[in-house]
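Beneath this line is the structure, given in structure tokens, with notes to follow.
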Amino acid sequence: MKIEDIKKSGLNIDGDIFFDQSIKNLNWFNIGGKTKIFFRPNSLKGLIEYLKLYGSRGKIFILGNGSNVLFDDDTYQGTVIKLGKSFSNITLLDNETIIAGTAVSQKKVSEFAKDNGISGLEFMSCIPGSIGGGIRMNSGCFKKEFKDILISIQLVDFKGLVRSIPANKINFRYRSIELPADLIFLSATFKGKEKNSEEINNYMNELNTNKNMAQPTRIKTSGSTFKNPINQTDKKVWELIRSSVPNETSYGDAVISEKHANFFVNKKNAKSEDMKSLINFVKKKVKDHTGVKLELEIVVVE
Ligand SMILES: Cc1cc2nc3c(=O)[nH]c(=O)nc-3n(C[C@H](O)[C@H](O)[C@H](O)COP(=O)(O)OP(=O)(O)OC[C@H]3O[C@@H](n4cnc5c(N)ncnc54)[C@H](O)[C@@H]3O)c2cc1C
């Protein structure tokens, strides 16, 4: 993909294009160098225009709230796309059904469901990501995940073709879904159950209290670093790490949270390399000590 071409034609695309943009402040780890191109479409039309021109000519990474990603220290040699306002609508379809744009936060959608007396989306209030990130990761907590409430996804592929996929045609896995990587989710339809808003509110408060007791808050982290190895052991990943690695292990400013051993933290100015060294060290120690092969939950962008 030629930057010169994008500089010229970009002027006619409905969206903002930035070159050599820092991505450090766009993710929860607060880690990462720059991206060659950063594109924020103002409309679906603008997104499709960009994809039709450049979607097949270079790498693309679609960024949500950045709460599950680890960027590289070196410049990303492609386009990072971040959906904004025009992908943030939430609409009530009927007494139990909601359509939400993928740029909106999961927290906002769970609040909207509560205000409209729809139960089933309470778990989203504990997850700091966007709807788009939640779909890609099949995010969840307290025994509920996206697959339980998702009805359909509207999306566009990197060639600019828009379509809709019913959820019952998708294979959901633990913290992932079986859909190709070259898809950008635009909006999603969710179905819950009618319930009294006050009861929903009480349940949401209970979940958030439990979550805050178990996991650290207000720190630079991407949440759970590794997936729970459900097919290898009954033990939770934090237990495996606790028993295999000294908690004070650190690489530069990349450290293990004191409160939750599967949350890795950027104490101040950790580099991506520091975080990757910590990840590899923990992975090796857990394998040596317990025989369990850990798999990353966070998405490493290179
Ligand atoms: C403090 C903390 C607590 C957390 N607790 C939980 C938890 O309880 N349960 C849980 O499951 N996760 C948890 N997470 C992880 C994270 O919040 C979730 O995975 C979240 O759903 C990711 O959403 P995001 O918008 O931040 O995605 P990002 O981190 O921006 O991206 C994650 C992935 O989604 C893809 N993506 C994002 N938007 C789109 C889109 N529109 N179309 C296509 N692909 C897209 C990205 O390309 C990437 O592959 C936690 C993270 C933190 C920091």
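The values are calculated or read from the model by the stated rules, or taken from the named source; none is laboratory data. Quick caveat, the model's predicted, so the values are computed rather than measured. Glycine also receives a Cβ, built like all others from the backbone with ideal geometry; neighbour counts cover every protein chain displayed. Keep in mind that these areas ignore ligands, DNA and RNA; they rest on the heavy atoms of the full protein, side chains included. Shrake-Rupley method; radii C 1.70, N 1.55, O 1.52, S 1.80 Å.
Taking the conditions exactly as written (farther than 22 Å from GLN154 by Cβ and not assigned by TED's automatic domain parsing to the domain that holds LEU207), does ASP115 satisfy them or not?
So ASP115 fails the test.
Here's the yes/no breakdown for (1) assigned to a strand (DSSP E or B); (2) among the hydroxyl-bearing types (Ser, Thr, Tyr); (3) over 12 Å from ALA188 (Cβ atoms):
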{"site": "PHE123", "(1), (2), (3)": "no, no, yes"}
{"site": "PRO128", "(1), (2), (3)": "no, no, yes"}
{"site": "ILE135", "(1), (2), (3)": "no, no, no"}
{"site": "ILE151", "(1), (2), (3)": "yes, no, no"}
{"site": "GLN154", "(1), (2), (3)": "yes, no, no"}
{"site": "LYS159", "(1), (2), (3)": "no, no, yes"}
{"site": "ILE165", "(1), (2), (3)": "yes, no, no"}
{"site": "ASN168", "(1), (2), (3)": "no, no, yes"}
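Taken as a whole, the range 114-121 holds at least one residue that is among the β-branched types (Val, Ile, Thr), surrounded by 24 or more Cβ atoms within 10 Å (Cβ to Cβ) and farther than 30 Å from ILE6 by Cβ.
Output yes when any residue across the range 231-248 is within 16 Å of the ligand (Cβ to nearest atom), within 17 Å of SER139 (Cβ to Cβ) and surrounded by 21 or more Cβ atoms within 10 Å (Cβ to Cβ), and no when none is. Within the range 231-248, one or more residues are within 16 Å of the ligand (Cβ to nearest atom), within 17 Å of SER139 (Cβ to Cβ) and surrounded by 21 or more Cβ atoms within 10 Å (Cβ to Cβ). When we screen VAL299, VAL292 for residues that are within 15 Å of the ligand (Cβ to nearest atom) and either touching a Pro at 6+ places or on another chain (Cβ under 8 Å) or open to solvent by 10 Å² or more (accessible area, probe 1.4 Å) (or both), the only hit is VAL299.
The condition (being modelled with pLDDT under 95, away from the ligand (no atom under 11 Å from the Cβ) and either open to solvent by 10 Å² or more (accessible area, probe 1.4 Å) or not assigned by TED's automatic domain parsing to the domain that holds GLU297 (or both)) is satisfied by just one residue among LYS85, LYS108: LYS85.
Kindly indicate whether any position in the range 271-282 is buried (at least 16 other Cβ atoms within 10 Å of the Cβ), assigned to a strand (DSSP E or B) and modelled with pLDDT of 95 or more. No, the conditions are met nowhere in the range 271-282. Restricting LEU53, LEU93 to residues that are more than 12 Å from the ligand (Cβ to nearest atom), modelled with pLDDT of 95 or more, open to solvent by 20 Å² or more (accessible area, probe 1.4 Å) and not hydroxyl-bearing (Ser, Thr, Tyr) narrows the list to LEU93. The residue of the range 138-182 that is nearest to ASN231 (Cα to Cα), among those that are touching a residue at least 60 places away in the same chain (Cβ under 8 Å) and open to solvent by 70 Å² or more (accessible area, probe 1.4 Å), is PHE142. If you go through the range 117-137 and keep only what is in contact (Cβ under 8 Å) with a residue 40 or more places away in the chain and either more than 8 Å from the ligand (Cβ to nearest atom) or aromatic (Phe, Trp, Tyr) (or both), you end up with GLY117, ILE118, SER119, GLY120, LEU121, GLU122, PHE123, SER125.
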